[in-house]
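S.K.: The structure follows.
The values are calculated or read from the model by the stated rules, or taken from the named source; none is laboratory data. What you see is a predicted model, and the numbers here were worked out from it, not measured in a lab. Positions of Cβ are backbone-derived with ideal geometry, glycine not excepted, and every protein chain shown enters the neighbour counts.
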């Protein structure tokens, strides 16, 4: 065993990992990377098929991001945001506000249209113009939760504690507030005694929805579902019931278009707009968790503004939903450095203004808030995203991914293949005709990913769901290798069923 692997075994405790299993084998020790390729300490190369746990947008060692960080290092690496401002964080806040409100010229706009003053995409009356920086997705959600809680308490005149609604299977992070918003028993049950209660409503999971009357087909379940939007009706009932209690929900928390850690659960077209309209009608704030889905990951959302087409970078905008809180992390810095941001409105900001002695301050913060290196990387990443080359690559990669995934359907242990933009979840089942799931103790997803690693492709499952989320720089040949490795790994793992 390599010395670094020995040191890891001796001292490192890995997240979401049963360490007894981990200690039974030599780990892959990553020492380098370029583009969509990772290299380990033994010189072996692997394709990074989940963008280093959903963070890396443009590939490893991107020259523009590397250069931006190097330039910033010549100035300063970090200074406190408590009592001081800094250059890159100020510029990044301005840029995030512009992108979040669709007020920056983004790819696919002609030079002529960029000169026109009135081309922004109309996505609602809720303008995001304040940015609170933090460290990661959990803290971004914690900030939104704390702000929404105190804003509702101050503005509603209701002495009852504000209540929150989120989706079944939700995962919003590992801080206590974020865990309280989540509903994944496997992750959160152990901490129940420390959490505050939040309500949940069913996720629109077409593949396993009890209201979907369609029999299994060899296609994404959203394409052949038969239902009457009962999932939307349940959201309406939940809001109405809470209102009758005299304490309407303060906020509705959601991952737009696809829930990640819930098992890559995609939302059928139209669902998000319907349920957020219901939430608005009941006076609830909208908290969009775009930690995974932001910065182009869910594909290009385009809409008409006059005769101009605008591309946005956030999943919420696919259905013209603008939240009161937009939480971003992971891909914010292109996957380089831990940094997060929570964007909100002037109305929320104003609720915390007052004289010093009133103590209306938002008493919350992080040591590395507004870190200069992270902000410099994020500015470079946004510059890349806004180029026509990047937009074209993402659109092509999305199509290639869709086409390659079709090769998985002949395998009987492939139950559902669901894709939103450049996110794909492939659900493993005992037999596609019955949708019968593997017990988690059978480690079906883990075993398939181990077989993929032997073929030079690295990813990590969510239970029985294999995740493919390639960096935007991935070539068609590299993508083909990722999907073929998955297909071969499934056939190897379940050999009795490999040919149907």
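S.K.: Taking residue 346 as the residue in question, decide whether it is over 23 Å from the mean Cα position of the chain (by Cα) and buried (at least 21 other Cβ atoms within 10 Å of the Cβ). Working first, answer last.
M.R.: Values: over 23 Å from the mean Cα position of the chain (by Cα): yes; buried (at least 21 other Cβ atoms within 10 Å of the Cβ): no.
Against the criterion (over 23 Å from the mean Cα position of the chain (by Cα) and buried (at least 21 other Cβ atoms within 10 Å of the Cβ)), residue 346 does not qualify.
S.K.: Of the numbered conditions (1) buried (at least 16 other Cβ atoms within 10 Å of the Cβ); (2) in contact with a strand residue (DSSP E or B) (Cβ under 9 Å, 6 or more places away or on another chain), residue 245 fails exactly one; give the number of that condition.
M.R.: Single failed check for residue 245: (1).
S.K.: In region 293-397, which strands (runs of 3 or more DSSP E) lie fully inside it and hold 1 or more residues that are modelled with pLDDT of 95 or more? Please lay out each step first, then the result.
M.R.: Details: elements: 301-305, 308-312, 325-328, 340-345.
The strands (runs of 3 or more DSSP E) meeting that bar are 325-328, 340-345.
S.K.: Further question: Can you name the number of the only condition in (1) closer than 21 Å to residue 387 by Cα; (2) in the same structural domain as residue 473 (by TED's automatic domain parsing); (3) out of contact with any helix residue (DSSP H, G or I) (no Cβ under 6 Å at 6 or more places or on another chain) that residue 46 fails?
M.R.: (1)
S.K.: Looking at 4, 92, 96 in this structure, which one is more than 27 Å from residue 297 (Cβ to Cβ), modelled with pLDDT of 95 or more and outside any loop (DSSP other than H, G, I, E, B)?
M.R.: Only one candidate passes the filter, namely 4.
S.K.: So in region 213-228, with the set limited to residues that are crowded, with 16+ Cβ neighbours inside 10 Å and touching a helix residue (DSSP H, G or I) at 6+ places or on another chain (Cβ under 7 Å), which one is farthest from residue 409 (Cα to Cα)?
M.R.: Here the answer is 225.
S.K.: Whether any residue in region 448-465 is in contact with a strand residue (DSSP E or B) (Cβ under 6 Å, 6 or more places away or on another chain), part of a strand (DSSP E or B), closer than 26 Å to residue 217 by Cβ and in contact (Cβ under 8 Å) with a residue 12 or more places away in the chain is what I want to check.
M.R.: Yes, there is a match, as at least one residue in region 448-465 is in contact with a strand residue (DSSP E or B) (Cβ under 6 Å, 6 or more places away or on another chain), part of a strand (DSSP E or B), closer than 26 Å to residue 217 by Cβ and in contact (Cβ under 8 Å) with a residue 12 or more places away in the chain.
S.K.: Taking residue 65 as the residue in question, decide whether it is modelled with pLDDT of 95 or more, assigned to a helix (DSSP H, G or I) and either assigned by TED's automatic domain parsing to the domain that holds residue 371 or closer than 16 Å to residue 373 by Cβ (or both). Reasoning before the result, please.
M.R.: Working: modelled with pLDDT of 95 or more: yes; assigned to a helix (DSSP H, G or I): yes; either assigned by TED's automatic domain parsing to the domain that holds residue 371 or closer than 16 Å to residue 373 by Cβ (or both): yes.
It is true that residue 65 is modelled with pLDDT of 95 or more, assigned to a helix (DSSP H, G or I) and either assigned by TED's automatic domain parsing to the domain that holds residue 371 or closer than 16 Å to residue 373 by Cβ (or both).
S.K.: I would also like to ask the following. Just the residues that are under 29 Å from residue 319 (Cβ atoms) and in a strand (DSSP E or B), please, taken from region 405-430. Step through it out loud before you land on a result.
M.R.: Within region 405-430, the first condition is being under 29 Å from residue 319 (Cβ atoms), and the residues that meet it are 405-406, 408-409, 414-427.
Selection gives 414, 415, 416, 417, 418, 419, 420, 423, 424, 425, 426, 427.
S.K.: For region 405-419, indicate whether the set of residues that are outside the structural domain of residue 138 (by TED's automatic domain parsing), buried (at least 18 other Cβ atoms within 10 Å of the Cβ) and under 25 Å from residue 338 (Cβ atoms) is non-empty.
M.R.: Of region 405-419, the ones outside the structural domain of residue 138 (by TED's automatic domain parsing) are 405-419.
Those left that are additionally buried (at least 18 other Cβ atoms within 10 Å of the Cβ): 405, 408, 411-419.
With the extra rule that they be under 25 Å from residue 338 (Cβ atoms), the set shrinks to none.
No, because not a single residue in region 405-419 is outside the structural domain of residue 138 (by TED's automatic domain parsing), buried (at least 18 other Cβ atoms within 10 Å of the Cβ) and under 25 Å from residue 338 (Cβ atoms).
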